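Undergrad: This is the structure I want to talk about, given as structure tokens.
The values are calculated or read from the model by the stated rules, or taken from the named source; none is laboratory data. Bear in mind that the values here come from a model prediction, so they are computed numbers and not experimental data. In this analysis, Cβ positions are derived from the backbone assuming ideal geometry, glycine residues included, and neighbour counts consider all displayed protein chains.
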Ligand code: SIN
């Protein structure tokens, strides 16, 4: 099967051409997309028109669909779909979450011991300007890292805290139930992990969520994590996606950070996301544990 795809802006991301995601895909096409996704991390499909069930069904071809801890952001009609939007219901309550303004570099679910690392985002309404999403490739960043920094983090565990993540959210996204709090204790993950097939290494950390490194004083951890974040998010490791309505972007949180540019709050932005537990035998998947 020859899947047609092309490089975007000379980056690691690729646009897949000629695949209509609302149609059932044959096994050869799916196998080719799986291989490309595991290798490149970000795949873009333009001009898609998908019902929620179709987006969920396509996502499920890559791993187990995950209902994220924030059930308050789920679509009322399809629990596997998370709404990312600044729109409001007539009574003023938010439709979905993470809708406002800039989002700092992060990786989804890093605060979970066994994160579901696959994600798809489907754009339905977009602001006229701003709101682009960028991804930083943590495999390429690790490869480029000076030996001094590699030695400082190889074999070390990062500590990841949902409380830290929440503190960076807009105020309406900060309120959580006791159940969500119970589901999100601090966890640890190796700061460097290996691809199961190639053995290649990638960084795994999250500037919005990693609060320290096991065995290092707080000040030293903070300085090291800040240095690594500045290195890994240089433009040479980053793909910046300028959204068009109908885009579906799928990405692998196992070796990518992402962030979103600010945009004018009065303009509507409405996207639908799925979260997928990707198979460990094909993808970088962190091996976490509860923090001591
Ligand atoms: C996200 O971080 O999942 C949302 C990204 C975006 O809204 O572009």
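Undergrad: Only one of 161, 198 is free of Cβ contacts under 8 Å to residues at least 24 places away in the same chain and either in contact with a strand residue (DSSP E or B) (Cβ under 6 Å, 6 or more places away or on another chain) or more than 30 Å from residue 99 (Cα to Cα) (or both). Can you tell me which?
TA: Just one listed residue meets the conditions, 198.
Undergrad: Right, something else. From the list 133, 107, which residue is under 19 Å from residue 194 (Cβ atoms) and near the ligand (Cβ under 10 Å from one of its atoms)?
TA: 107
Undergrad: Let me ask something else. What number of residues in segment 51-70 are within 16 Å of the ligand (Cβ to nearest atom) and under 28 Å from residue 265 (Cβ atoms)?
TA: Number satisfying all stated conditions: 4.
Undergrad: Every residue in segment 248-265 that is over 14 Å from the mean Cα position of the chain (by Cα) and either within 11 Å of the ligand (Cβ to nearest atom) or at positive phi (or both), please.
TA: Within segment 248-265, 261, 263 qualify.
Undergrad: Of all residues in segment 166-193, which are touching a strand residue (DSSP E or B) at 6+ places or on another chain (Cβ under 7 Å) and under 23 Å from residue 116 (Cβ atoms)?
TA: Within segment 166-193, 168, 173, 185, 186, 187, 188, 189, 190, 191, 192, 193 meet the criteria.
Undergrad: While we're on this one: Give 98, 87 a once-over and let me know the one that is within 19 Å of residue 135 (Cα to Cα) and either within 15 Å of the ligand (Cβ to nearest atom) or modelled with pLDDT of 90 or more (or both).
TA: Answer to the check: 98.
Undergrad: Look at segment 24-42 and say how many of its residues are touching a residue at least 40 places away in the same chain (Cβ under 8 Å) and closer than 18 Å to residue 247 by Cα.
TA: Looking only at that region, the number is 3.
Undergrad: I've got another one for you. Does residue 140 meet the test of being touching a helix residue (DSSP H, G or I) at 6+ places or on another chain (Cβ under 6 Å) and either within 22 Å of residue 224 (Cα to Cα) or in a helix (DSSP H, G or I) (or both)?
TA: For residue 140, the condition - touching a helix residue (DSSP H, G or I) at 6+ places or on another chain (Cβ under 6 Å) and either within 22 Å of residue 224 (Cα to Cα) or in a helix (DSSP H, G or I) (or both) - is met.
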